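Novice: First the structure, then my questions, so here it is.
Values in this text are rule-based calculations from the coordinates and carry no lab data. What you see is a predicted model; the values in this text were computed from it and never measured. Please note: Cβ atoms are built from the backbone with ideal geometry, for glycine as well, and neighbour counts cover all protein chains shown.
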Amino acid sequence: MDNLDRSIINELQGGFPICEHPYAVVAESLGTTETELINRLSKMEQENTLSRFGPMYHAEKMGGGLTLAALQVPDERYDEVAEKVNAFSEVAHNYAREHLLNMWFVLATETPERVAEVIDDIESQTGLHVYNMPKQQEFFIGLKFEV
């Protein structure tokens, strides 16, 4: 990673312009071209320097549902269960944890009612109980990692 890559990551953690040519606006502020910026973002994603680059949507404000869920998965079934859980388009993130509940994932659905449906489907397909942990209160933490 060179200085321009670092600058790109640092700059884009603070937001992204909403305009006709947002990449051009960001590129200009970084002293590079729109093409170079897009190529570098693509390369960083391909190399897993960035796990993703894209907007964060507030599912609930858009009429959808959102919840954190967890499973207690036997070690010998972990990969099999992860594959089944990840097959659901509503699974936004899935993480292994060193805990009795060793698989945690976020469900983001088009409707609030769909959360329960997806949980039921996951339980049916895995034979495991899904622990549903909907948020009770939301906090915004402006977390930014300088690179």
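Novice: For helix 34-46, what angle does its Cα long axis make with the longest principal axis of the chain, in degrees from 0 to 90 and rounded to 10?
Specialist: Tilt of helix 34-46: around 30 degrees.
Novice: On to the next question. Please arrange T67, T32 by how many other C-beta atoms lie within 10 Å of their C-beta, fewest to most.
Specialist: With the sparsest Cβ surroundings first, the list reads T32, T67.
Novice: May I pose another question? Kindly list the residues of segment 50-93 that lie in the label zone of S124, defined by a backbone N under 17 Å from the point 7 Å along the Cα-to-C-beta vector.
Specialist: 84-91
Novice: Going by amide H atoms built from the backbone, whose H comes under 5 Å of the H on T109, apart from near neighbours?
Specialist: Here the answer is G65, L66, since their amide H atoms fall under 5 Å of that of T109.
Novice: Next up: Counting only helical runs of four or more DSSP H residues, what would the 222 nm mean residue ellipticity of the chain come to if each run contributes -39,500 (n - 2.57) and the total is spread over all its residues?
Specialist: Value at 222 nm, helices only: -11500 deg cm²/dmol.
Novice: Okay, moving on. Which FRET efficiency value, to the nearest 0.05, is calculated for R6 and E138 with the Förster distance at 22 angstrom and r the Cβ-Cβ distance?
Specialist: Efficiency, rounded to the nearest 0.05: 0.10.
Novice: Mind giving me the FRET efficiency for S29 and H58? R0 is 22 Å, r the Cβ-Cβ distance, nearest 0.05 is fine.
Specialist: 0.25
Novice: Give me the net charge of I9's neighbourhood, meaning all other residues with Cβ under 14 Å from the Cβ of I9; Lys, Arg count +1, Asp, Glu -1.
Specialist: -1
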